[in-house]
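Written below as structure tokens is the structure these notes are about.
The values are calculated or read from the model by the stated rules, or taken from the named source; none is laboratory data. All of these numbers come straight from a predicted model, not from anything done at the bench. A quick note on method: Cβ atoms are made from the backbone with ideal geometry, for glycine too, and the neighbour counts reach across all protein chains shown. Only protein heavy atoms, including side chains, enter the accessible area calculation; ligands, DNA and RNA are left aside. Shrake-Rupley method; radii C 1.70, N 1.55, O 1.52, S 1.80 Å.
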Amino acid sequence: MEYDAVLIEQSIAKQYGILPSQQGELKYADWAKLVGGLMNDTPLGQIVSIRSERDKDILKHMTPEQKELRAEWSRFQANRMRSRPEDEQKAQMRALEQMIAAMFGR
């Protein structure tokens, strides 16, 4: 979440027309609902789509910038995984998979 904090805030602003930082005491549950409901046409949705793409034809035709976004995310994930115990790694991966699935209705 910290890695994408700016994208999350931009996406909430785009989709809902609000800035989380201006909402006072926004409860975590409410914040999670906002993030969980983000559509794929938001800044975060677009980045998540690039990061999670598996279609070889689409990957082959990505721009250098899109490829770099994927590479940067892979490096971040690898570094993060190396620094965490295995049980925490598995829990984090499940949470990430669930978040992405919820964002894209999968």
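Scan the stretch 12-34 and give yes if some residue there is open to solvent by less than 40 Å² (accessible area, probe 1.4 Å) and touching a residue at least 24 places away in the same chain (Cβ under 8 Å), otherwise no.
Looking for residues that are open to solvent by less than 40 Å² (accessible area, probe 1.4 Å) and touching a residue at least 24 places away in the same chain (Cβ under 8 Å), one finds at least one in the stretch 12-34, hence yes.
I'd like to verify a number: residues in the stretch 79-102 that are modelled with pLDDT of 80 or more and of a type in the set (D, E), how many?
Number of matching residues: 1.
In the stretch 35-63, what residues are surrounded by fewer than 16 Cβ atoms within 10 Å (Cβ to Cβ) and in contact with a Ser or Thr (Cβ under 7 Å, 6 or more places away or on another chain)?
Hit for the stretch 35-63 is N40, nothing else.
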